[in-house]
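Okay, so here's the structure we're looking at.
The values are calculated or read from the model by the stated rules, or taken from the named source; none is laboratory data. Note that this is a predicted model, so its numbers are computed, not measured. Cβ sites come from the backbone with ideal geometry, for glycine too, and all protein chains shown count toward neighbours. SASA here: full protein model, heavy atoms, side chains in, ligands and nucleic acids out. Shrake-Rupley method; radii C 1.70, N 1.55, O 1.52, S 1.80 Å.
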Amino acid sequence: QVQLVESGGGLVQPGGSLTLSCAASGSISMINVMGWYRQAPGKQRELVARMTRGSSTNYADSVKGRFTISRDNVKNTVYLQMNSLKLEDTAVYYCNAVQYSTPYWGKGTLVTVSS
């Protein structure tokens, strides 16, 4: 079992920045992919960014150039640096980890972009 705990959400003005963190614990060996998804009210959960063990990354087109995913293997933590935030980035952000094809999810952290 893998436990994921997100932190760093909050209220930010348009154009501002936030950094989300996700700490993994438990049986964390052979986690193949870690990443971030988000779900806005009334919408389906969507991929934001993910990083493989080999440090390959994928980003949603809507966040390319604004968000950066990174990983600290010593701290077993993945980060999402979010810059130039827009109103449409408002959502609950979920950390995701995939181990042996089994997905694990955090409980989510709310990011609200509002003036």
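Points to keep in mind about this one:
- What segment 1-106 shows is 53 Å² of accessible area per residue, with the surface traced by a 1.4 Å probe over protein heavy atoms.
- Of the residues I69, I28, the one with the largest accessible area comes first in the ranking I28, I69, computed with a 1.4 Å probe on protein heavy atoms.
- Expressed to the nearest 5 percent, the antiparallel share of DSSP beta bridges inside the chain is 95 percent.
- Distances between placed amide hydrogens fall under 5 Å for V48 paired with W36, Y37, R38, all partners being 5 or more residues away or on another chain.
- Overall dimensions of segment 50-98, expressed as equivalent-ellipsoid semi-axes from the Cα gyration tensor (√(5λ), whole Å, largest first), are 21, 12, 10.
- Trypsin sites (Lys or Arg not before Pro) lying in DSSP loop within segment 34-115, provided at most 16 other Cβ fall within 10 Å: K43, R45, R53, K64, R66, K75, K86, K107
- Fraction of accessible area attributable to carbon and sulfur, the chain (%, probe 1.4 Å): 49
- Remark: relative contact order (the chain) = 38 percent; criterion is Cα-Cα distance under 8 angstrom and separation of 6 or more residues.
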